[in-house]
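The values are calculated or read from the model by the stated rules, or taken from the named source; none is laboratory data. Please read these numbers as outputs of a predicted model, since none were measured by experiment. Cβ placement follows ideal geometry from the backbone for every residue including glycine, while neighbour counts extend to all protein chains displayed. Side chains included, ligands, DNA and RNA excluded: accessible areas come from the protein's heavy atoms. Shrake-Rupley method; radii C 1.70, N 1.55, O 1.52, S 1.80 Å.
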Protein chains: 2
Amino acid sequence: MKLVKTVAELREEIAAAKTAGKTIGLVPTMGALHEGHASLIKAANMENDFVVVSVFVNPTQFGPNEDLEAYPRTLDADCKLAEAMGADIVFAPSAKEMYPSEDMTWVEVTGNVTKVLCGRSRPIHFRGVTTVVSKLFNLAQPDRAYFGQKDAQQVEVLKRMVKDLFFNLQLRVMPIVREADGLAKSSRNTYLSGSEHQAALVLSRSLKKAQERFAAGERNAAALTEAVREEIAAEPMSNIDYVEIYRLPELQPVNGPLTGSSLLAVAVKFGTTRLIDNVILEEK
Amino acid sequence: MKLVKTVAELREEIAAAKTAGKTIGLVPTMGALHEGHASLIKAANMENDFVVVSVFVNPTQFGPNEDLEAYPRTLDADCKLAEAMGADIVFAPSAKEMYPSEDMTWVEVTGNVTKVLCGRSRPIHFRGVTTVVSKLFNLAQPDRAYFGQKDAQQVEVLKRMVKDLFFNLQLRVMPIVREADGLAKSSRNTYLSGSEHQAALVLSRSLKKAQERFAAGERNAAALTEAVREEIAAEPMSNIDYVEIYRLPELQPVNGPLTGSSLLAVAVKFGTTRLIDNVILEEK
């Protein structure tokens, strides 16, 4: 496996892989790789001849009061994990390398899909995500790009970007990977104290109950979200940002009983750490 | 030559060309093809194995009071010209085909390069251009894309977009093609009455004089622009939008004497028709 830090070198590697007729899988990450990322790299390795894992803490998707500086950076460990999972390249560029101009060129998805949920409290977040992911798509020219269902809204935003801008690739979305105790894997879990971690288990617990009630026939969105909200609010260390249901795809408002496929998503702070989790509610 | 109207069909054609190992040249146009476009298609044909000419009057680059409805549409003639110049595909999609979602996904270059010159009077214009050109780049996956120096600011904006988003292609910029009388070829020239056409000759005449003065040693930007402005203003049918000089690349303000490469650009209305023209001032 090769660690690549410049755009020029990545381009050479990709050109060589293309010339050799290899299919390319891209796994865009912000590093601090955990088992969630490992599952993405593994899937990329199974489905493609050549796997690029990008490790880039993208400044443009962090708001002014967010954790850009504190975000964990563990490149050595990331390279080891990526290699073990079958990556051919870890691409870890500097910010200057990814943003070569003084002024920005933005790629921005508009509409409900970027406005609701995290879009409300993190208004510039998805513009940063779509911009950097566009750059990575153009650089790595992947046949398939891998993202985790953990970031459910990001997945919907990127699906629309790919559709609207006609990116010539397949988005592959992998299931949420959880700790044994149910907490969804996240690079931000390392911020949690032991008691905060325990408290945060309410997220997966309450979402699971909602999923069971849905499976048992509950189609009232308000009843489902209110039960989740109450259970989370009862945990003294929690501070709820949102507990909401939207229709899939594209996060449209729910009117009347739930039909088709819906996303029940939560964002909750424990101490200074903001966690997200979600379940998809759909009839089997 | 094949006329293609859907994204799906274009994708098939491109995939087949790629599989056959062909290089691809893309000539994005809004149709109403003239000799300026012909020179682009010809160049694309000489430098690539497979040439795609897109013909799409892109609604998102027209302001609310601009000539979207009136813009000339001459698809049959365009196909004939494109074929004669060696095009393999004319891609003429509907607006719905190019903009499949109700909400937009924008690609937007920020900074001086989009704010000055036409950016001032046409504030949404370049966002529309970069958005549609991104889509065309992703669809046609060209090795080279062809644009005319006539739209000098568009060229600078697209150069920055390609640089910032890492599009994997070469921008080829072809010289302005002019009528025998000096008027720069433009699809909008068909709007001009005979007397407006005569009046509009002041553009190329005054720009040529400025170029001669620059060649003779004049390096004072204000002196050059003022002379052009005065000559155009002296033409009773003219209505000046701008006469300005910016440093290349990226249209930075000129401070002190002209050095390196600069763009002297004009936008002037004759009746209801807004024309642009320009010269590059650079030391040989």
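For the range B:226-263, a tally of residues being closer than 20 Å to B:Gln154 by Cβ and among the polar types (S, T, N, Q) returns 3.
Just a yes or no: is a residue in the range A:147-154 surrounded by fewer than 18 Cβ atoms within 10 Å (Cβ to Cβ) and either in contact (Cβ under 8 Å) with a residue 24 or more places away in the chain or out of contact with any Cys (no Cβ under 8 Å at 6 or more places or on another chain) (or both)? No: zero hits. Of the residues making up the range A:196-216, just one is more than 22 Å from A:Thr272 (Cβ to Cβ) and acidic (Asp, Glu), namely A:Glu212. Apart from one condition, A:Ala222 fits all of (1) within 22 Å of the chain's Cα centre (by Cα); (2) within 29 Å of A:Val109 (Cβ to Cβ); (3) of a type in the set (A, V, I, L, M); (4) more than 14 Å from chain B (Cβ to nearest Cβ); the exception is (1). Among the residues of the range B:161-183, those that are away from every other protein chain (no Cβ under 14 Å), hydrophobic (A, V, I, L, M, F, W, C) and assigned to a loop (DSSP other than H, G, I, E, B) comprise B:Ile176, B:Val177, B:Ala180, B:Leu183.
From the list A:Val162, A:Val177, A:Val107, A:Val173, the lone residue that is open to solvent by less than 10 Å² (accessible area, probe 1.4 Å) and either aromatic (Phe, Trp, Tyr) or at negative phi (or both) is A:Val107. Put simply, of B:Glu244, B:Glu231, B:Glu212 the only residue that is closer than 24 Å to B:Glu196 by Cβ and over 22 Å from the mean Cα position of the chain (by Cα) is B:Glu231. Of all the numbered requirements in (1) buried (at least 24 other Cβ atoms within 10 Å of the Cβ); (2) more than 14 Å from chain B (Cβ to nearest Cβ), A:Ala140 misses one, and that requirement is (2). Residue count for the range A:58-68 satisfying the condition of being open to solvent by 20 Å² or more (accessible area, probe 1.4 Å) and part of a loop (DSSP other than H, G, I, E, B): 5.
Looking across the range B:85-103, the residues that are more than 15 Å from B:Leu33 (Cα to Cα), open to solvent by 40 Å² or more (accessible area, probe 1.4 Å) and either within 19 Å of the chain's Cα centre (by Cα) or more than 9 Å from every other protein chain (Cβ to nearest Cβ) (or both) come down to B:Asp88, B:Ser94, B:Ala95, B:Lys96, B:Glu97. The set of residues in the range A:99-128 that are of a type in the set (A, V, I, L, M, F, W, C) and free of Cβ contacts under 8 Å to residues at least 60 places away in the same chain comprises A:Met104, A:Trp106, A:Val107, A:Val109. Looking across the range B:25-47 at every residue that is more than 27 Å from B:Glu69 (Cβ to Cβ) and crowded, with 23+ Cβ neighbours inside 10 Å, the one that is nearest to the other protein chains (Cβ to nearest Cβ) is identified as B:Gly25.
For the range B:69-84, filtering for residues that are within 26 Å of B:Ser121 (Cβ to Cβ) and open to solvent by 60 Å² or more (accessible area, probe 1.4 Å) leaves 3. Summed over the range B:115-137, residues that are open to solvent by less than 40 Å² (accessible area, probe 1.4 Å) and away from chain A (no Cβ under 13 Å) total 5.
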